[in-house]
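The values are calculated or read from the model by the stated rules, or taken from the named source; none is laboratory data. Just so it is clear, the structure is predicted and the values come from calculations on it, not from any experiment. Here Cβ is always computed from backbone atoms with ideal geometry, including for glycine, and neighbour counts include all displayed protein chains. For accessibility, only protein heavy atoms count, side chains too; no ligands or nucleic acids. Shrake-Rupley method; radii C 1.70, N 1.55, O 1.52, S 1.80 Å.
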Amino acid sequence: MKRLITYLIVIAATIYTAVLYGSTSFLMLFYVELALPVFLLLTLIPAVRHTSIRMELPIPVVEQGQKTPVMLHVTTGGFPIGGRVAVQVKGKLPMGQKDEKTWFYTALAGSKKTAKIKAEYQSRCVGSIRMEISRVWCYDFLGLVALPLSAKYWKALEPETLLVLPRISEVPVMVSRQSRDFAGESEEHSKERGGDDPSEVFQIRDYQPGDKLRSIHWKLSAKTEEMMVREQSMPLGCPVDFYLDLYQPAAVHRRKDETQRDSYLQILASVSHSMVVEGCRHHVIWFDSRTGDVCRYRIENEENIFEMLFQLGQLSVYHDKKDLQELYRQKYHETPGVTCLELTTELTLKKNGEVEARYSGDVSDIERQLGAKELVV
């Protein structure tokens, strides 16, 4: 825009000089200046037709508040010397937030036909962000003429996903004996202790007084001439079901929603991570309004938490109340865990239907509140 204004000022000055002095030289210069944009446009059109662009995120995971590098690879069919490219990258944010749009620029100096735009991107929110190219403009070497790059040169590219991790705070968690001994239904079995699951053998050992007759391995006992017992395994069920209630009334529109959604993921990640530290396996369960289905993710270690945040993807709120527990039972037909946690969009944490804690404020306030009360599961 500045270059265009300068160009118009130069034309105006040329006209004024030509009229003031009646010089034909200045008049010819005026005609050249008028023809210049047309010439630049004619040289720009074929170059644009041979231009392509792709985006790359070298580091797809970043912590909240940090910047991540963005690489934009531009290949051109030969811009005029000093041609410039402007690329708009759109970040689609989770939970229905307004898209972020950022412009990146690069100059193609000399006869250079390829260029890399090395820039940094910082999201204003946490969660899984879907990033894609939304607009591309190509400029001539003077910056007077610009043409949009056709979407067919970048629209087919797969969007890149950036995971912005929320701040994980320490929550005092005490795992009850009932939860530690919980077997439940699971395809995973303990490697440290036996149980009563007949589908899996934990170990074969010598007979001990009190062992049931049905557990004796008769064939091996006859072979070894000693009483041997087949000890069954213990399934590693999840004693905690952690429900994410994403219901929000349709009339609720507040400026603090963005901060509240960041806090939501902060609470989720902090509670889940603190249970993992204490060795408490759990399921995170939510309703995906895009597919109309209940989803769950098994959490056993820290990596599972990051994978779950990716699984949540473009998580969005819904405006119709859902009975998550009933929908979950209908789909999975499993016995509920010992403890049922539920996190609402109002940042209320419930345990077995009763309010356990209410959170509010910014990231630091939430961190302080998370560490203030022990959670017994």
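Remarks
- Considering Ser128, Ser150, Ser111, Ser190, the condition of being over 30 Å from Leu341 (Cα atoms), small (Gly, Ala, Ser) and either modelled with pLDDT of 65 or more or surrounded by 12 or more Cβ atoms within 10 Å (Cβ to Cβ) (or both) is satisfied by Ser150 alone.
- Odd one out for Leu315, checked against (1) of a type outside the set (D, E, K, R); (2) over 17 Å from Leu265 (Cβ atoms); (3) surrounded by 13 or more Cβ atoms within 10 Å (Cβ to Cβ): (2)
- Boolean, Leu341 is open to solvent by less than 40 Å² (accessible area, probe 1.4 Å) and at positive phi: no
- Residues in region 362-377 that are surrounded by 14 or more Cβ atoms within 10 Å (Cβ to Cβ) and within 15 Å of Tyr264 (Cα to Cα): Val363, Ile366, Glu367, Gln369, Leu370.
- Matching entry among Leu42, Leu57 (being touching a residue at least 12 places away in the same chain (Cβ under 8 Å), out of contact with any helix residue (DSSP H, G or I) (no Cβ under 6 Å at 6 or more places or on another chain) and either open to solvent by less than 30 Å² (accessible area, probe 1.4 Å) or aliphatic (A, V, I, L, M) (or both)): Leu57
- Members of region 133-142 found to be surrounded by fewer than 18 Cβ atoms within 10 Å (Cβ to Cβ) and not hydroxyl-bearing (Ser, Thr, Tyr), listed by number: Arg135, Trp137, Leu142
- Among the candidates Glu326, Glu278, Glu302, Glu354, residue that is open to solvent by 60 Å² or more (accessible area, probe 1.4 Å), of a type in the set (Asp, Glu) and more than 22 Å from Val175 (Cβ to Cβ): Glu326
- When the residues of region 229-246 are filtered to those that are of a type in the set (A, V, I, L, M, F, W, C), open to solvent by less than 10 Å² (accessible area, probe 1.4 Å) and outside any loop (DSSP other than H, G, I, E, B), the one that is modelled with the lowest pLDDT is Val229.
- Subset of region 329-338 [touching a residue at least 60 places away in the same chain (Cβ under 8 Å) and open to solvent by less than 70 Å² (accessible area, probe 1.4 Å)]: Glu334, Gly337, Val338
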